[in-house]
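Colleague: This is the structure I have questions about; it appears just below.
Each value in this text was obtained by applying a stated rule to the coordinates, not by laboratory testing. In this text the structure is predicted, and so the values were computed from the model without any measurement. Reconstructed Cβ throughout: ideal geometry from the backbone, glycine too, with neighbour counts over all protein chains shown.
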Amino acid sequence: IQLLALNEIKHAQSMQELEQVRIKYLGKKGELTAVLRGMGALTAEERPVVGQIANEVREAIEDALGRAVEDVKHREKNARLATETIDVTIPGKAPEIGCKHPLTVVLDEIKEIFLGMGFKIAEGPEVETVFYNFDALNAPKNHPSRDLTDTFYITDEILLRTQTSPVQVRTMERMKPPIRIISPGRCFRRDTPDATHSPMFHQVEGLVVDKNITMADLKGTLDLFAKQLFGIGTKTKFRPHYFPFTEPSAEVDVSCFKCQGAGCRMCKGSGWIEILGAGMVHPNVLKVCGIDPEIYSGFAFGMGLDRIAMLKYEIDDIRLFFENDMRFIKQF
Ligand code: PHE
């Protein structure tokens, strides 16, 4: 029995096989156990002799099993370590690096310029109330932009903001002058998408309120901004315009920085490109926000980020910004 058992232990490859050997010889129904059970049939002289031999055999088998178990454990551990080794000579996988979206690139530039002039960044909700988007901004009750065909209404009183100008109101409610903020963000209008229209687009609003703020401050700020964004030789032109929340109001053009005369695609030969709307904050708007227009004055402006990015990079279709084709996005 001992020889057979030791031989089987020697050939066992795994913990399960060793356990099977143990059961076969030392288990309740095992072969050695059977021998011990059969001792009742022996004579009184034979019993201690056989008993001693049986015990020696059991110890030998237990010893061998114990050693074999240690061996198997050791081997399994080595096998595991072998599979876990790292080949440091294998060339690395370069992680694919993303890039900034062109709108983010231009927005970062715009933010840098205004932060440099002492502006802070303010944000407001994209889902707005009629009050903040229109009423508080002095928009007449019958203003065409309020129309269902221009604005995405969620309920009678709640809409997707059509401009970033409601952030002006929220900021003036929250802060006391001096105020100097820009507010970039998404806006929504019910436009059919084409090369120059998208129902979702971006604006950057600006607002300055303090004592003695004049139109000259507005002109100086925007002129410096245009020179920093489009190049030092850029000129600006202010054309009279109308916005409900500014008075006087202006549309601002920059001199065409790509101009090759009459054939210029950028400005259609006019030499000027419109980039933003601006004006002096209307006294009614200051009043709604609890700011006394007899003491304070301010200016505001709003520009289309998508449009400015299109001009800067000569992109001819606004829809490219929102298709997320990496071949397009990676070019900037
Ligand atoms: N909110 C205006 C628009 O969407 C732009 C604007 C902002 C004009 C601030 C004047 C002052 O057209």
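Colleague: Of SER14, LEU3, PRO48, which is farthest on the positive side of the dipole of the range 1-86, counting Cα position, with +1 on Lys and Arg Cβ, -1 on Asp and Glu Cβ, and the Cα centre as origin?
Modeller: With unit charges placed on the Cβ atoms, the residue in question is SER14.
Colleague: A follow-up question, please. Lysines near LYS237 by alpha-carbon distance under 29 Å, same-chain residues fewer than 8 away left out - which ones?
Modeller: LYS111, LYS120, LYS211, LYS219, LYS227, LYS258, LYS268, LYS312
Colleague: Using a Gaussian network model on the chain with a 10 Å cutoff between Cα atoms, which of ALA34, ALA262, ALA309 fluctuates the most?
Modeller: Maximum fluctuation in the GNM of the chain, among the listed residues, is at ALA34.
Colleague: Among GLY124, ILE275, PRO184, whose Cα projects farthest towards the positive end of the dipole of the chain, with charges put on the beta-carbon of Lys, Arg (+1) and Asp, Glu (-1)?
Modeller: Sorting the options by dipole projection puts first ILE275.
Colleague: If you don't mind, another one. List the trypsin sites (Lys or Arg not before Pro) within the range 104-168 that fall in a DSSP loop (any state other than H, G, I, E or B) and whose Cβ has at most 14 other Cβ atoms within 10 Å.
Modeller: Answer in residue order: LYS141.
Colleague: In addition: Take the Cβ-Cβ distance between LYS10 and ILE90 as r, set R0 to 30 Å, and report the resulting FRET efficiency rounded to the nearest 0.05.
Modeller: That pair, LYS10 with ILE90, gives E of 0.15.
Colleague: Please report, largest first and rounded to whole Å, the three semi-axes of the ellipsoid equivalent to the range 7-109, where each semi-axis is the square root of five times an eigenvalue of the C-alpha gyration tensor.
Modeller: 66, 14, 9
Colleague: Let me check against my output: what whole-number percent is the relative contact order of the range 121-242, with C-alpha pairs under 8 Å and at least 6 apart?
Modeller: 23 percent
Colleague: Now for a separate question. Which angle between 0 and 90 degrees, to the nearest 10, do you get for helix 2-11 versus the longest principal axis of the chain when only C-alpha atoms count?
Modeller: Helix 2-11 sits roughly 20 degrees off the main axis of the chain.
Colleague: Decide, for the range 129-269, between rounded, prolate and oblate: order the square roots of the alpha carbon gyration tensor eigenvalues as a ≥ b ≥ c, take rounded if a/c falls under 1.5, and otherwise choose prolate if a/b is larger than b/c, else oblate.
Modeller: oblate
Colleague: First select every other residue whose beta carbon is under 14 angstrom from the beta carbon of GLU205; then total the charges, Lys and Arg +1, Asp and Glu -1.
Modeller: +3
Colleague: According to the square roots a ≥ b ≥ c of the eigenvalues of the Cα gyration tensor, what is the shape class of the range 237-332, taking rounded for a/c under 1.5, prolate for a/b larger than b/c otherwise, and oblate for the remainder?
Modeller: oblate
Colleague: On a full-extension model of 0.36 nm per residue, what is the gain between CYS264 and ARG190, subtracting their alpha-carbon distance, rounded to one decimal in nm?
Modeller: Length gained, CYS264 through ARG190: 23.6 nm.
Colleague: Roughly how many debye, to the nearest 20, is the charge dipole of the chain about its Cα centre, given +1 on each Lys and Arg Cβ, -1 on each Asp and Glu Cβ, and no other charges?
Modeller: 480 debye
Colleague: If I model a spin label at LYS287 and ARG239 as a point 7 Å from the Cα along the Cα→Cβ vector, what separation in nanometres do I get?
Modeller: With each label point 7 Å from Cα toward Cβ, the separation is 3.2 nm.
Colleague: Taking neighbour Cβ counts within 10 Å as the exposure measure, how do SER145, SER255 sort from fewest upward?
Modeller: SER145, SER255
Colleague: Taking the Cβ-Cβ separation of ASN55 and ARG75 as r and a Förster radius of 35 Å, what is the calculated FRET efficiency to the nearest 0.05?
Modeller: The calculated FRET efficiency here is 0.70.
Colleague: Taking amide hydrogens as modeled 1.01 Å from N in the peptide plane, which residues meet the under 5 Å criterion relative to HIS282, leaving out close sequence neighbours?
Modeller: When sequence neighbours closer than 5 places are left aside, the close amide H contacts are THR246, GLU247.
Colleague: On to the next question. If you consider only alpha-carbon coordinates, what radius of gyration and Dmax does the chain have, in Å?
Modeller: My reading of the Cα-based Rg and Dmax gives 41.7, 129 Å.
Colleague: Oh, and also: What number comes out for the charge environment of ASP253, summing +1 per Lys or Arg and -1 per Asp or Glu over other residues with Cβ under 13 Å away?
Modeller: Surrounding charge for ASP253 is +3.
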